[in-house]
Amino acid sequence: MSSGRFEYPDFPSHADFVKRYRFYSDLTGFLHAMTRLDGTFDTFITESPHMDGRLIRARRDISLRIFDAKSGGFVHVGELSDFMERDVSSIDLELALSYSYLNERYDRVSFKEDVFLLRADLDMDVLTLRICLVDGLGRTREDMVAQMVVDALRRHLI
């Protein structure tokens, strides 16, 4: 199985979160589900960006990019989903979570996003997710990112 084209060479050697899941598809199916996750959003409760102890309801926008060695960097996940080889065993994604909220005057205010690197390794029927926070304050924990991925897989592969 090949994997080099979609593996980011600077992926951290120590992941913040690692978990294995049963997965009865290939990474093409995984990438198809991730394509559907890209561009979605949800809301959650978090501390205000001013860190004053006040809780706010914030919007979390999800953006995904896949590493492609041919281009030398991360490209939008929708650009490669149709061109992925069947025998790929590992892919790296950059998942950016952008945050915003409505202030007192109902103006949308953005604040510091979180950027995660996600490596998906498929060995037989076991999908291993390795997740690292590479930028941001960590308003979303790594296990919550993994849960977003698993929920997307359940929605789009069943």
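Readers should treat all values here as calculations from the given coordinates under stated rules, not as data from a laboratory. Here the structure is a predicted model, which means the values were calculated and not measured. All Cβ positions, glycine included, derive from the backbone under ideal geometry; neighbour counts span all protein chains shown.
Each distinct pair of alpha carbons in the chain adds a 1/r term; the inverse of their mean, the Kirkwood radius, is 16.4 Å. Placing pseudo-labels 7 Å out from each Cα toward the beta carbon at R54 and E79 gives an inter-label distance of 4.0 nm. Loop-located trypsin sites (Lys or Arg not before Pro) in region 1-57 (DSSP state not H, G, I, E or B) with no more than 16 neighbouring Cβ atoms inside 10 Å: R54. Could you list the residues of region 33-64 with an amide nitrogen less than 19 Å from a label point located 7 Å from the Cα of S71 in the Cα-to-C-beta direction? Inside the label zone: 33-40, 62-64.
As a proxy for reagent exposure, ranking F111, F6 by other Cβ atoms within 10 Å from fewest up yields F111, F6. Label-to-label distance for T128 and D10 is 2.4 nm, based on points extended 7 Å past Cα in the beta-carbon direction. Tell me the angle of helix 27-37 to the major Cα principal axis of the chain, expressed in degrees between 0 and 90 and rounded to the nearest ten. Compared with the principal axis, the helix lies near 20 degrees.
Report summary: the helix-based calculation at 222 nm, which adds -39500 (n - 2.57) for every DSSP H run with n ≥ 4 and divides by the residues of the chain, gives -5500 deg cm²/dmol.
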